[in-house]
Amino acid sequence: MGFPLAPWHMWGGDRILTVNPSTRLPGDPVQLARINYARPETWSFFLGARILGGDTPTTGATILTLGFDIMVGTGRSLFQSQAPAALGGFVTAFSSFTWSVPIGSVPGTQPSNAKYVTQITGPQLDDTAAAPGVREPIQWLAAQDIQCSVRVLDYLVGAASTPGVRVQASAYFAPRSHVRPEWFGKSPEFRGEENKGS
């Protein structure tokens, strides 16, 4: 008899994307994490990506940009990091990484190939300011529900016979405190799953 996976199996994941000139830009979002917790919590995050390989550009650099988007919510409320489609969506991202593969280099062999963050800088808050203001750091997310996806934002190709790259994207989330309901019950057994939510 099988048992359902513990809920944190949805709190992060890895996906491999194949990017080539036929990829529609901006690319379709690919889900990396889906959290449906039983109560609001403060969450830490890790976002990372690396090029796994691809065709060597023979003229011009190959430039790839991936964007990570999030939707956070509590109760019946929801906030998306990307602009709605009616406002020209897919313009912004919660976080993004950009690679530049020089002419003649094999994609994925650059020293800065692995890119990752556990904190990002938030967006500009005042469009009317004469000088750029302070952009606040974001290290945690306060939410009950979180969805995280990744998409290709830009892909500029240096000529190759069949230009394309493969890239792995990862996103992981964990609550800063994880007080389990059963710790305070009559049974001290660690059941390995939440009583509610996923």
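The values are calculated or read from the model by the stated rules, or taken from the named source; none is laboratory data. Just so it is clear, the structure is predicted and the values come from calculations on it, not from any experiment. Neighbour counts are summed over all protein chains in view; Cβ atoms, including those assigned to glycine, are modelled from backbone coordinates with ideal geometry.
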Would you tally the residues in region 105-145 being polar (S, T, N, Q), out of contact with any Lys or Arg (no Cβ under 8 Å at 6 or more places or on another chain), surrounded by 11 or more Cβ atoms within 10 Å (Cβ to Cβ) and within 30 Å of ALA159 (Cβ to Cβ)? 3
Look through region 3-50, keep the residues that are at pLDDT 85 or above, surrounded by 15 or more Cβ atoms within 10 Å (Cβ to Cβ) and among the aromatic types (Phe, Trp, Tyr), and return whichever of them is farthest from PRO163 (Cα to Cα). TYR37
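On the given criteria, is SER95 surrounded by 15 or more Cβ atoms within 10 Å (Cβ to Cβ), among the hydroxyl-bearing types (Ser, Thr, Tyr) and in contact with a strand residue (DSSP E or B) (Cβ under 7 Å, 6 or more places away or on another chain)? Give the derivation first.
Values: surrounded by 15 or more Cβ atoms within 10 Å (Cβ to Cβ): yes; among the hydroxyl-bearing types (Ser, Thr, Tyr): yes; in contact with a strand residue (DSSP E or B) (Cβ under 7 Å, 6 or more places away or on another chain): yes.
Spelling it out, SER95 is indeed surrounded by 15 or more Cβ atoms within 10 Å (Cβ to Cβ), among the hydroxyl-bearing types (Ser, Thr, Tyr) and in contact with a strand residue (DSSP E or B) (Cβ under 7 Å, 6 or more places away or on another chain).
Does TRP140 satisfy being modelled with pLDDT of 90 or more, of a type in the set (Phe, Trp, Tyr) and either touching a His at 6+ places or on another chain (Cβ under 7 Å) or closer than 22 Å to ARG39 by Cβ (or both)? Let's see the steps before the verdict.
Working: modelled with pLDDT of 90 or more: yes; of a type in the set (Phe, Trp, Tyr): yes; either touching a His at 6+ places or on another chain (Cβ under 7 Å) or closer than 22 Å to ARG39 by Cβ (or both): yes.
The answer is yes for TRP140.
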Does GLY197 satisfy the criteria of being small (Gly, Ala, Ser), modelled with pLDDT under 80 and either under 16 Å from PHE68 (Cα atoms) or under 14 Å from the mean Cα position of the chain (by Cα) (or both)? no
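Looking at region 149-174, which of its residues are outside any strand (DSSP E or B) and at pLDDT 90 or above?
Residues of region 149-174 that are outside any strand (DSSP E or B), as a first pass: 157-158, 160-164.
Answer for region 149-174, where residues must be outside any strand (DSSP E or B) and at pLDDT 90 or above: just GLY164.
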Residue hits (region 51-67; β-branched (Val, Ile, Thr) and exposed (fewer than 15 other Cβ atoms within 10 Å of the Cβ)) are THR58, THR59
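So which residues in region 39-62 are more than 20 Å from VAL152 (Cβ to Cβ) and assigned to a strand (DSSP E or B), if there are any at all?
The answer is ARG39, PRO40, GLU41, THR42, TRP43, SER44, PHE45, PHE46, THR59.
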Examine region 45-57 for a residue that is within 16 Å of the chain's Cα centre (by Cα) and over 26 Å from ARG24 (Cα atoms), and state whether such a residue exists. yes
Subset of region 68-92, residues surrounded by 15 or more Cβ atoms within 10 Å (Cβ to Cβ) and either modelled with pLDDT under 90 or within 22 Å of ASP14 (Cα to Cα) (or both), comes to PHE68, ASP69, ILE70, MET71, VAL72, GLN80, SER81, GLN82, PHE90, THR92
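State the number of residues belonging to region 1-38 that are assigned to a loop (DSSP other than H, G, I, E, B) and either closer than 28 Å to VAL157 by Cα or touching a Cys at 6+ places or on another chain (Cβ under 7 Å) (or both). Walk me through it before giving the result.
At the first step, the residues of region 1-38 found to be assigned to a loop (DSSP other than H, G, I, E, B) are 1-6, 11, 20-29.
From what's left, either closer than 28 Å to VAL157 by Cα or touching a Cys at 6+ places or on another chain (Cβ under 7 Å) (or both): 20-29.
The total comes to 10.
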